[in-house]
């Protein structure tokens, strides 16, 4: 039985910020582990495997068989595969690029979702939101600088991760109201774990140090805690109210990059990030106003 909704926005915002800090640490752990030479598929397997174990232990005793049964299983599987591909591509890009480059590109996702919602969901998008999307993509180009000396081919991987992540959110809208939240979490973590299991076996590399093992476990635990805390946050505030909190992850990533990797975004990356955030917030405000 789900807990009742409560109108406690400040607590909801604090929990959402904590969740996005956990997600920032997942990316940080992935970058550190990839830098240590651990295969991306093995890192992704631990990220989803530990998350899946946590989901089973948390939801199945409470929800029973209902947590494992979907009314739209094919859509849930496709949704899970989009999220998995986005995660693997993002981890791959992180093995070559600074966090302060990949994360802002990834946060262009609301703009891509806005565009894809027209052909895939039949939603109408006005000229103002189209202009915001165009401006947002200018921000992405400011970060990528495809003709500049700072361009790296892995930036294209990061862009692809943004597209597949956007398709995940489109699928999330499609299944909304058809399955309860525990079902979605079981499918997203379970399908990814099953797909990654044979691949992790093929590319398996045993962690050589206690630090590597600890980071792998920490990445999976941070993902599980982040998703769970975010779920609780939605008990205390509406999704429309909590959406802007997602950008606190960029702040967390910038701080972590500076402290852990001694990486500080250059002027163009900082400007591009600001443009993306501004465009994303405008799209969110327009959608909220129209709703």
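The values are calculated or read from the model by the stated rules, or taken from the named source; none is laboratory data. Not measured: the values here are computed from a predicted model. Neighbour counts are summed over all protein chains in view; Cβ atoms, including those assigned to glycine, are modelled from backbone coordinates with ideal geometry.
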So which residues in the stretch 94-138 are part of a helix (DSSP H, G or I) and closer than 18 Å to residue 45 by Cβ? 94
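Can you name the helices (runs of 4 or more DSSP H) wholly within the stretch 181-279 that have at least 3 residues being modelled with pLDDT of 85 or more and buried (at least 19 other Cβ atoms within 10 Å of the Cβ)?
181-202, 210-236, 248-256
Kindly establish whether residue 127 is at pLDDT 85 or above and surrounded by fewer than 17 Cβ atoms within 10 Å (Cβ to Cβ).
On the way: at pLDDT 85 or above: yes; surrounded by fewer than 17 Cβ atoms within 10 Å (Cβ to Cβ): yes.
Judged against the criteria, residue 127 is a match.
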I'd like to check something: does the stretch 201-218 contain any residue that is within 21 Å of residue 97 (Cα to Cα) and out of contact with any helix residue (DSSP H, G or I) (no Cβ under 6 Å at 6 or more places or on another chain)? yes
Can you spot a residue in the stretch 61-69 that is outside any helix (DSSP H, G or I) and on the phi > 0 side of the Ramachandran plot? no
Return yes or no: is residue 163 modelled with pLDDT of 85 or more, surrounded by fewer than 22 Cβ atoms within 10 Å (Cβ to Cβ), in a helix (DSSP H, G or I) and more than 21 Å from the chain's Cα centre (by Cα)? no
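Considering each residue of the stretch 251-277, count those that are over 17 Å from residue 155 (Cβ atoms) and in contact with a helix residue (DSSP H, G or I) (Cβ under 8 Å, 6 or more places away or on another chain), and give that number.
Of the residues in the stretch 251-277, 8 are over 17 Å from residue 155 (Cβ atoms) and in contact with a helix residue (DSSP H, G or I) (Cβ under 8 Å, 6 or more places away or on another chain).
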Specify which of the listed residues (157, 135, 103, 143) is closer than 25 Å to residue 184 by Cα, out of contact with any strand residue (DSSP E or B) (no Cβ under 8 Å at 6 or more places or on another chain) and in contact (Cβ under 8 Å) with a residue 60 or more places away in the chain. 103
Identify, from the list 140, 134, 88, the residue that is over 21 Å from residue 176 (Cα atoms) and either out of contact with any helix residue (DSSP H, G or I) (no Cβ under 8 Å at 6 or more places or on another chain) or surrounded by fewer than 18 Cβ atoms within 10 Å (Cβ to Cβ) (or both). 134
